[in-house]
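The values are calculated or read from the model by the stated rules, or taken from the named source; none is laboratory data. Keep in mind it's a predicted model, so treat the numbers as computed, not measured. So basically every Cβ, Gly included, is an ideal-geometry build from the backbone, and we count neighbours across all protein chains shown. Heavy atoms of the whole protein, side chains included, go into the accessibility calculation; ligands, DNA and RNA do not. Shrake-Rupley method; radii C 1.70, N 1.55, O 1.52, S 1.80 Å.
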Amino acid sequence: MALTGRFVLLVALGVVPAVLAGMSGAPESWLALLGWLLLVIGAAAVDLSLAASPRAVAFTRELPDRVRLGEPVTSQLTVQNLGGRMLRATVRDGWEPSAGVAGPNRSRLAVPPGERRRMTLHLVPTRRGDRRTEQVTIRSAGPLGLWSRQATLSAPGRVRVLPPFHSRVHLPSRLTRLRELDGRTPLLIRGQGTEFDSIREYVRGDDVRSIDWRATARHIDPEVPGNTRLMVRTWRPERDRRIVVVADTSRTAAARIADEPRLDTSYEASLLLAALATHAGDRVDFLATDRRLRGRVHGASGPELLARMVDTMAGIDAELVEADWSLVPGQVRAVTSRRALVVLLTAADSPGSARGLLSVLPQLTSRHTVIVASVADPALVAARRARGDLDEVYAAAAAERGLLDGERVGAAVRRLGGQMVTAAPHELPPALADRYLELKAAGQL
């Protein structure tokens, strides 16, 4: 049972005059007060008995299964009155705060017996993963609205919030560069690489080392002296190569760089690289790991690859544990035994946090092409340039020390045979895609 403001106001209408009269010395005022209270309570009890049962209802939810982070979603809850009385109710849908309910989450509904009414909420989720609601609280009032009957009923609902993939805005320009590498643009730019493409006639400016003398001999016409056409081989970037993307989900991935978790930046870079590599005809596998394998996407291609990746990423957040890099070589071997491009998305900004990574890097570089991608903090670059007062000078010195540590880690990665990509959060995904295209053009995959 719950009291309403209307009941309190009704009691005050009789109590205040009775108290004022009692202060003036009229003894009948207290009897009038008692009578008024009994009258109001009796009316409220009758009103409560006429209220519909809040448990004689049925709920039906309409929710999209998936939505990208930051996109609005509409939640519709249908309330059906199974009782025989008019249901005058206030309904509260118990979404968790990270679901981002826009506006009040309570609605007043009047549902006749046997009919249904719909409650609509607009959500803008603020976190990835499964955003849930488990219960609905319904408060049923009588005709006078003095007392209400309240019950909390189970009505589970879930919407999976996927990574936003903001870096997809860089995909069209990278696909244009990829088509240029493949030699498929209207300008007929010759593709580079080591995978044979076709035979064509020699034109001035071609590399003479590409001349195919056997094909040239086949095109010699013995009946027409001097009619010799040189034929050259054309090449294209390799296809059907393996790319293994490993995202570090340990404690370092929980740090916020430029108001974005480091792990979210890793996801953005992984998705852009996977989309680009899929268009290039390469096969991509994704691993999320810290001290254990948190998620894996293997054997997918085309649109299914990105769908499975975002679905896997949605439920994985950083854990406050130290990464066990000794597991990574075995996890990569379980994915592929061929030479592959291995991309490690982790924090490589200090020798202490990168010690485990550097210890296992030779095992990977001996068999694979390895790229270590790390987020750089733009605040350090800005702090290094500030010299206004003593505090800023000390902050600049600390920032310089941090940047030098990052450079030392990058130099160590290169000495061990790997490559380093470091950029600000919004610049890391396109920078990683550019490095992939450079390797593709150079035939190093």
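Among the residues of segment 320-345, how many are β-branched (Val, Ile, Thr), open to solvent by less than 10 Å² (accessible area, probe 1.4 Å) and under 29 Å from GLY402 (Cα atoms)?
Of the residues in segment 320-345, 3 are β-branched (Val, Ile, Thr), open to solvent by less than 10 Å² (accessible area, probe 1.4 Å) and under 29 Å from GLY402 (Cα atoms).
Of the residues GLY352, GLY315, GLY281, which single one is touching a Lys or Arg at 6+ places or on another chain (Cβ under 6 Å) and either without any contact (Cβ under 8 Å) to a residue 24 or more places away in the chain or surrounded by fewer than 18 Cβ atoms within 10 Å (Cβ to Cβ) (or both)?
GLY281
From PRO163, PRO125, grab the single residue that is in contact (Cβ under 8 Å) with a residue 60 or more places away in the chain, open to solvent by less than 10 Å² (accessible area, probe 1.4 Å), in contact with a strand residue (DSSP E or B) (Cβ under 9 Å, 6 or more places away or on another chain) and within 24 Å of GLY295 (Cβ to Cβ).
PRO163
When you go through LEU437, LEU404 one by one, which is the residue that is at negative phi and crowded, with 17+ Cβ neighbours inside 10 Å?
Exactly one residue qualifies, and that residue is LEU437.
Go through segment 39-92 and give me each residue that's outside any loop (DSSP other than H, G, I, E, B), hydroxyl-bearing (Ser, Thr, Tyr) and either exposed (fewer than 13 other Cβ atoms within 10 Å of the Cβ) or touching a residue at least 60 places away in the same chain (Cβ under 8 Å) (or both).
The answer is SER49, THR60, THR74, SER75.
Does at least one position in segment 379-386 carry a residue that is crowded, with 18+ Cβ neighbours inside 10 Å, within 28 Å of the chain's Cα centre (by Cα) and modelled with pLDDT under 90?
yes
Please go through (1) part of a loop (DSSP other than H, G, I, E, B); (2) open to solvent by less than 50 Å² (accessible area, probe 1.4 Å) for VAL360 and return the number of the only condition it doesn't satisfy.
Here VAL360 meets the rest and fails (1).
Filter segment 128-145 for residues that are open to solvent by less than 10 Å² (accessible area, probe 1.4 Å) and more than 17 Å from ASP65 (Cβ to Cβ) and give the result.
VAL136, ILE138, SER140, GLY142
Yes/no matrix, rows are residues, columns are (1) out of contact with any His (no Cβ under 6 Å at 6 or more places or on another chain); (2) assigned to a strand (DSSP E or B); (3) under 30 Å from ASP317 (Cβ atoms):
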{"site": "SER107", "(1), (2), (3)": "yes, yes, no"}
{"site": "GLY114", "(1), (2), (3)": "yes, no, no"}
{"site": "ARG139", "(1), (2), (3)": "yes, yes, no"}
{"site": "GLN150", "(1), (2), (3)": "yes, yes, no"}
{"site": "ARG158", "(1), (2), (3)": "yes, yes, yes"}
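With (1) free of Cβ contacts under 8 Å to residues at least 24 places away in the same chain; (2) of a type in the set (Gly, Ala, Ser); (3) open to solvent by less than 50 Å² (accessible area, probe 1.4 Å) as the list, and ALA307 as the residue in question, which single condition is left unmet?
(3)
With the structure loaded, tell me whether LEU428 is out of contact with any helix residue (DSSP H, G or I) (no Cβ under 7 Å at 6 or more places or on another chain) and either surrounded by fewer than 18 Cβ atoms within 10 Å (Cβ to Cβ) or closer than 30 Å to ARG367 by Cβ (or both) or whether it fails that test.
No.
Sort out for me the strands (runs of 3 or more DSSP E) sitting completely within segment 283-346 that have 1 or more residues that are on the phi < 0 side of the Ramachandran plot and touching a His at 6+ places or on another chain (Cβ under 8 Å).
Fully inside segment 283-346 and qualifying: 283-289, 340-345.
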